[in-house]
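Just below is one structure, and these are the notes that go with it.
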Amino acid sequence: MEGVSAVILAAGMGKRMKSALPKVAHPVLGQPMLWHVARLAAAAGIPEIVFVLGHGQEKVMDTVTRFGGKVVVQERQLGTGDAARTGLSAVSPRAREVVVLSGDAPLLRPKTLRALVAARRKGRAAASVLTGILPDPSGYGRVVRSPDGTVARIVEERDADASLRRIPEVNSGTYAFDRAFLARNLPRLTDVNAQREYYLTDLVVQALEEGKVVVPVVAADPDEVRGINSRRELAEATAILLRAKIGALLDAGVTVVDPGRTYVETEVSVGTDTLIEPGVALLGATRIGRGVRIQAGCVVENSIVEDGARLQPYSVLSGARVRKGAIVGPFARLRPEADIGEGAHIGNFVEVKKSRLGKGTKANHLSYIGDSLVGRKVNIGAGTITCNYDGIAKHTTVIGDGVFVGSDTQFVAPVTIGKGALIGAGATIVKDVPPYALALSRAEQKVLADWVTRKKPELLTKAGLKIPRLPKKEKPK
Ligand code: UD1
Ligand code: CA
């Protein structure tokens, strides 16, 4: 789409959202509303995007940067016509056509946008308008057609009488304009209407005055024209995008056991033959490989899960990587920079943070592994803890290949365990252990014969045990 620029109107606060956050910054399926609109313009092949921003603009700067857009600030929100005029001032002189998009309409598809541009060109029109036929058109501007089918005018609901309000065809707020027409006519808009705003929609009448036409393009799917003004509409739009996202996964060969109880955000990718059980949430930039099984209740955010891995129920991953064939959970927690090696096992109530675990290593029960470098085929016993934090700084634990760590061991970092070493259960390891060595740290066990019978017989009674007869003790003289 050479010579076409997009102007996205996004300066409004969105009062009906009742929010401290500007409307277009609200996330829809994990990305700001505005991100969806910008992506649509980019995907349609429009090379330049101008964002018209206002209050809270810093909240959407990530989106602007991501799409390499230009920003113009509309100081006072005087209406969509004023916003478009502001936006046009930043459009490059090379652009001969301008597509105006609403920052609050994230459901539009690139194909529809291309059809809108094509329709204006074909009709040699001043503008083309995307419209939708809605079962409930309330809240939208209504499209009044001329006898020849072109647009005669667009009337805002607040300026419409009862008969106009019965028109089911609404304005989506998405337009393709001839740039010269736009530049000539935006300064001519007035604010004589119910809201005392400069309406972009009044350009229709100005086109007719110039002897030009405005052609309508009806969206095949009425959902595409939905604008979001309230939390209710935000929830509806999210549900529509979610259904589409899960539909795309199903089409691509992913099994989703219960689509109605699965949440997958926009940017997540999932390989074929992966099976997703109910109650799973896949968030952010998560990438799931092929043949993965993700069991009930898992929450996976910004993580990579490689082919053939398995996430057992209620595991929570954030910024983690699980390599091929590894098994995680149930109830495991993988925090940022946890890197679980091929075929490794992370079991219940194990937390891993900023640690690399080698191929085939196992930590199956109740452990904390943080700031560690763990080799291959290491066995980490139940209750092992890396004491990585001294209250001031974090320290590293290094465990070599094939180390066997007995249960209930603490590694007081920084500490290094050589390969093939054996750590006896219950150790507190404060010094390095050389390869192949045995390290023990425990107080010697004492046994006091018949102590319970002599000193606390009531314990035996309470447990229903008979109190044994004691061997006669020689009386000390
Ligand atoms: C607008 C249309 C209406 C259409 C509806 C579709 C006009 C006058 N009305 O109404 O016909 O059916 O969209 O959703 O155009 N904005 C600015 N600066 C402003 C005013 C608005 O940047 O001064 C931005 C908003 O941030 C928003 C977009 O323009 O992203 C649309 O504004 P909004 O107030 O939501 O318009 P609607 O009342 O929905
Ligand atoms: Ca709106």
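The values are calculated or read from the model by the stated rules, or taken from the named source; none is laboratory data. Keep in mind it's a predicted model, so treat the numbers as computed, not measured. Ideal geometry is used to build each Cβ from the backbone, glycine not excepted, and the neighbour counts take in all protein chains shown. These accessible areas exclude ligands, DNA and RNA; they are computed on the full protein's heavy atoms, side chains included. Shrake-Rupley method; radii C 1.70, N 1.55, O 1.52, S 1.80 Å.
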* Asked: How much of the accessible area of region 231-316, probe 1.4 Å, is carbon plus sulfur, in whole percent?
  -> 52
* Structure fact -> With the 8 Å Cα cutoff and a minimum separation of six or more residues, the chain has a relative contact order in percent of 8
* Structure fact -> Order by accessible surface, 1.4 Å probe, largest leading, for residues Asp161, Asp258, Asp371, Asp251 comes to Asp251, Asp161, Asp258, Asp371
* Per residue solvent-accessible surface (Å²) - region 111-152, probe of 1.4 Å -> 47
* Gained length - Arg196 relative to Ser19, 0.36 nm times residue gap less alpha-carbon distance -> 61.3 nm
* Asked: Working from the pairwise distances between different alpha carbons, so that the mean of 1/r is found and then inverted, what is region 327-477's Kirkwood radius in Å?
  -> 17.4
* Asked: For Val73 and Ala235 in the same chain, what is the full-extension length gain: residue separation times 0.36 nm, less their Cα-Cα distance, in nm?
  -> 55.5 nm
* Asked: How would Glu265, Glu224 line up by accessible area, probe 1.4 Å, largest first?
  -> Glu265, Glu224
* Asked: With all protein chains present and a 1.4 Å probe, how do His36, His395 order by accessible area, largest first?
  -> His395, His36
* **Mean residue ellipticity (222 nm) of the chain, computed from DSSP H runs ≥ 4 via -39,500 (n - 2.57), nearest 500** => -5000 deg cm²/dmol
* **Where trypsin sites (Lys or Arg not before Pro) fall in DSSP loop in region 153-224, at most 12 other Cβ within 10 Å** => Arg166, Arg196
* Calculate the spin-label point distance for Ala248 paired with Arg166, positioning each point 7 Å from the Cα along the beta-carbon direction, and give it in nanometres. => 4.1
* Asked: Once both labels are modelled 7 Å past Cα along the beta-carbon direction, what's the Ala220-Arg469 spacing in nm?
  -> 9.7
* Please work out the average accessible area per residue across region 326-477, using the 1.4 Å probe convention, and give it in Å². => 61
* Identify all aspartates and glutamates with a Cα-Cα distance to Lys466 below 18 Å; exclude those on the same chain that are fewer than 8 residues away in sequence. => Asp450, Glu458
* How much net charge surrounds Glu197 when only the other residues with a Cβ under 12 Å from the Cβ of Glu197 are counted, with Lys and Arg +1 and Asp and Glu -1? -> -2
* Asked: So if R0 is 22 Å, what FRET efficiency would Asp307 and Glu337 give, r being the distance between their Cβ atoms, rounded to the nearest 0.05?
  -> 0.55
* Beta bridge orientation in region 333-394: antiparallel %, DSSP, nearest 5 -> 5
* **Of Lys18/Lys59; Lys354/Lys394; Lys59/Lys111; Lys70/Lys122, pairs whose Cα-Cα distance is over 22 Å** => Lys59/Lys111; Lys70/Lys122
* Would you please give the residues with an amide H less than 5 Å from that of Ala160, counting only those at least 5 places away or on a separate chain, with H modeled from the backbone geometry? => none
* **With DNA, RNA and ligands ignored, accessible area of Ser102 (1.4 Å probe; Å², nearest 10)** => 30
* Asked: Where Lys and Arg each count +1 and Asp and Glu each count -1, what net charge lies around Arg243 among other residues with Cβ under 15 Å from its Cβ?
  -> -3
* Roll a 1.4 Å probe over the protein heavy atoms and report the accessible area of Ile380 in Å², nearest 10. => 10
* To do: Please state, rounded to one decimal and in Å, the Kirkwood hydrodynamic radius that region 179-291 gives when every pair of distinct Cα atoms enters the mean of 1/r.
  => 18.1
* Asked: Taking R0 as 35 Å, what's the FRET efficiency between Arg184 and Ser269 from their Cβ-Cβ distance, rounded to 0.05?
  -> 0.15
* Asked: Within region 1-148, what percent of beta bridges assigned by DSSP are antiparallel, to the nearest 5?
  -> 10
* Structure fact -> Between Val412 and Ala443, the two model label points (7 Å from Cα along the beta-carbon direction) sit apart by a distance in nm of 1.6
* Structure fact -> On the formula 1/(1 + (r/R0)^6), with r taken between the Cβ atoms of Ser92 and Met61 and R0 of 22 Å, the FRET efficiency rounded to 0.05 is 0.60
* Structure fact -> Once the mean of 1/r over all distinct C-alpha pairs in the chain is inverted, the Kirkwood radius in Å reads 26.9
* Asked: To the nearest 10 Å², what's Ser89's accessible area with a 1.4 Å probe?
  -> 90
